[in-house]
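Only one structure is covered here, and it is reproduced in the block below.
FYI, it's all coordinate maths here, none of it is from the lab. Just so we're clear, the structure is a prediction, and the values are computed from it rather than from any experiment. Because the Cβ atoms are built from the backbone with ideal geometry, glycine has one as well, and the counts that use them run over all protein chains shown.
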Amino acid sequence: MELNIRSISKTYSNGVHALKNVSLTIPQGMYGLLGPNGAGKSSLMRILATLQEPDEGEIHLGEIDIIRQKDELRKTLGYLPQEFGLLRNVRAEELLNHFAVLEGITQRKARREVVEALLRQTNLWDKRKQKVGGFSGGMRQRFGVAVALLGNPQLMIVDEPTAGLDPAERVRFLNLLSELGENSVVILSTHIVEDVSELCTRMAIIKRGEILLEAQPLSAARELKGRIWRRVVEKSMLSELERENSVISTKLLGGGTVVHVYSEGKPGKEYESVEPDLEDVYFSTMAGLHHRTSEQQWQEVEP
């Protein structure tokens, strides 16, 4: 099962060009859509979830035409939006049971088995008697996944799932998502680079409604080898460095500033070469320094 997105464009009534000729082929497994806030990620997710229509283009999940066969797609869709509301004074088990009825699981025994299985899968079985209004952020997200998994969806859309989660909850949630990609197309839309690097076998970087890069994270990082250089400087030197070099990222460290520079050769004796990671790929791409042809993208081989 593949998700094929072809030439999707969307312009809102206020003149914002949210998506510009977006084309992607997304295979089964975890796929990362990475970009800053306002890049067009949520617009694409809402179109895929049949919540709005594009101005142009086509989308197919296998044989299903998502734009023209919305009801067919909804039968096999799981969607966890960035913000979602829950009835706060209802126990988790009761609420998931209610959603199961809405999903069409009407036989009581089958519904009970499904509810238990999903609460166990999302590690919420021990909290099944607790009201969801008392759930932590991570527990709410995991409950949202349980709801989205009703009906065994072939397409799972997860929009900014780890924003605001503490480190322990984030790890539990990412482990859960990694299991889902074994049987479905799972799209993880996020601005957090680490989420994509830890989970996704393929990814796309989007900026201002356009796809800048489509690649395997590990392969994209390898292509930058020998072009990323590191130097620790005082903050007062940063403006001068930015005038002289292609600075792609800066971080504070122990009172100094760690600078990563993109350069085909060593930019100075004070710099050391570093092993590129996905963060370097992301920032160099966003700066317009890391380009790949469509032929390179489609001929990419597994590492």
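Some notes on this structure:
- FRET efficiency, 1/(1 + (r/R0)^6) with R0 45 Å, evaluated for Glu234 and Thr11 via beta carbons: 0.50
- Region 1-155 - Rg over Rh from alpha carbon coordinates, Kirkwood radius: 1.01
- Residues with amide H under 5 Å from that of Met156, placed H, sequence gap 5 or more: Gly78, Val185, Val186, Ile187
- Peptide packing: for 167-173, 268-274, 32-38, the average count of neighbouring Cβ atoms within 10 Å per residue gives the ranking 32-38, 167-173, 268-274, highest mean first.
- Of every Cα-Cα pair in region 90-150, the percent that sits beyond 18 Å: 23 percent
- For peptides 220-232, 14-26, 240-252, sequence by mean Cβ density within 10 Å, most packed first: 220-232, 14-26, 240-252
- For the cross-link pairs Lys225/Lys251; Lys75/Lys131; Lys109/Lys131; Lys207/Lys235; Lys41/Lys207; Lys41/Lys225, the ones whose C-alpha atoms lie over 18 Å apart are Lys225/Lys251; Lys75/Lys131; Lys109/Lys131; Lys207/Lys235; Lys41/Lys225.
- Note that the chain shows a convex hull volume over its alpha carbon atoms of 162 Å³ per residue.
- Estimated at 0.36 nm per residue, the fully extended path between Thr201 and Lys251 surpasses their Cα-Cα distance by 15.3 nm.
- Working from label points 7 Å from Cα in the Cα-to-Cβ sense, the Lys266 to Glu210 distance is 3.6 nm.
- Within the chain, percent of DSSP bridges classed antiparallel, to nearest 5: 65 percent
- Region 1-42 and region 90-158 have their alpha-carbon centroids 28 Å apart.
- Amide H partners (placed H, <5 Å) of Leu212, local residues excluded: Ile205, Ile206, Lys207
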